[in-house]
Amino acid sequence: MSKQIMSDDLNRRLVELLLEEGRISHAELAERLGVSRPTIIERVKRLETEGVISGYSARVSPASVLKPSVAFVSVRHRNGDDDALEAAYLEALRNEPDVLEAHSMAGEDCLLLKIVADTPMGIHDRLKRIRSLGEQVSTRTAIVLQTHFVKPGPSPFPPDLSVPRKPRK
């Protein structure tokens, strides 16, 4: 990805608007940013091609799909340099519908997962499944009591230039 693409103020403002409203039309973007619709279309295509925008999706509340129990799970698994085993384990996790995120970590734990379930007992069942997917897997779990906010992505502006987001209604 070219660093220069995000040094452009119009691109940063465009990304900021798309973070707030991913379904906004090209015409509305052009109007809000004071540029032509073809300019917006070209910029969005380039941002997608460069990997700045990696996709568009609906954000679904876990509770709305009857999975209000959320947990973050630290995973440790068998030490070693077997990349194939690790890739297979990650692929198995990717195929688990209630594992929403997986992040490699530095430190004692290997991965940090975000999982959802219908009940705390459902979290327990998913933990057993996660441990069964690999060799010598152990987990430590933190149950989420309340989610205060989730952001769709990082601001494209440096911290001192960030545009405060409008309060959501």
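The values are calculated or read from the model by the stated rules, or taken from the named source; none is laboratory data. Bear in mind the structure is a predicted one, so any value in this text is a computation, not a measurement. Reconstructed Cβ throughout: ideal geometry from the backbone, glycine too, with neighbour counts over all protein chains shown.
Before moving on, here are some points about what is shown:
- Close pairs (9 angstrom Cβ cut-off, 6 or more residues apart or separate chains): closer than 9 Å to Ala71 by Cα in region 103-123, aromatic (Phe, Trp, Tyr) and not in a loop (DSSP other than H, G, I, E, B) anywhere: Leu113/Phe72; Lys114/Phe72; Ile115/Phe72
- Matching residues in region 1-49 - criterion: being of a type outside the set (A, V, I, L, M), more than 23 Å from Pro159 (Cα to Cα) and assigned to a loop (DSSP other than H, G, I, E, B): Arg23, Ser25, Gly34, Ser36
For every residue, the table says whether it meets (1) surrounded by 11 or more Cβ atoms within 10 Å (Cβ to Cβ); (2) among the basic types (Lys, Arg); (3) assigned by TED's automatic domain parsing to the domain that holds Met121.
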residue	(1), (2), (3)
Val15	yes, no, no
Glu21	yes, no, no
Ser25	yes, no, no
Arg32	yes, yes, no
Arg43	yes, yes, no
His77	yes, no, yes
Ala87	no, no, yes
Leu100	yes, no, yes
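- Residues located in region 118-146, provided they are over 18 Å from the mean Cα position of the chain (by Cα) and either β-branched (Val, Ile, Thr) or assigned to a strand (DSSP E or B) (or both): Thr119, Ile123, Ile130, Val137, Ser138, Thr139, Arg140, Thr141, Ala142, Ile143
- Some residue of region 78-94 being in a loop (DSSP other than H, G, I, E, B), under 24 Å from Val144 (Cβ atoms) and of a type outside the set (Ser, Thr, Tyr): no
- Tally, over region 63-102, of residues that are touching a Gly at 6+ places or on another chain (Cβ under 7 Å) and touching a residue at least 60 places away in the same chain (Cβ under 8 Å): 2
- Condition met for Lys114 (more than 21 Å from the chain's Cα centre (by Cα) and at pLDDT 95 or above): no
- Looking only at region 107-147, residues that are closer than 24 Å to Asp83 by Cα and small (Gly, Ala, Ser) come to 4 in all.
- Of the residues screened, Arg59 is one that is surrounded by fewer than 17 Cβ atoms within 10 Å (Cβ to Cβ), assigned to a loop (DSSP other than H, G, I, E, B) and of a type in the set (Lys, Arg).
- A single entry from Phe149, Phe157 fulfils the requirement of being in a loop (DSSP other than H, G, I, E, B), surrounded by 12 or more Cβ atoms within 10 Å (Cβ to Cβ), at pLDDT below 95 and within 20 Å of the chain's Cα centre (by Cα): Phe157.
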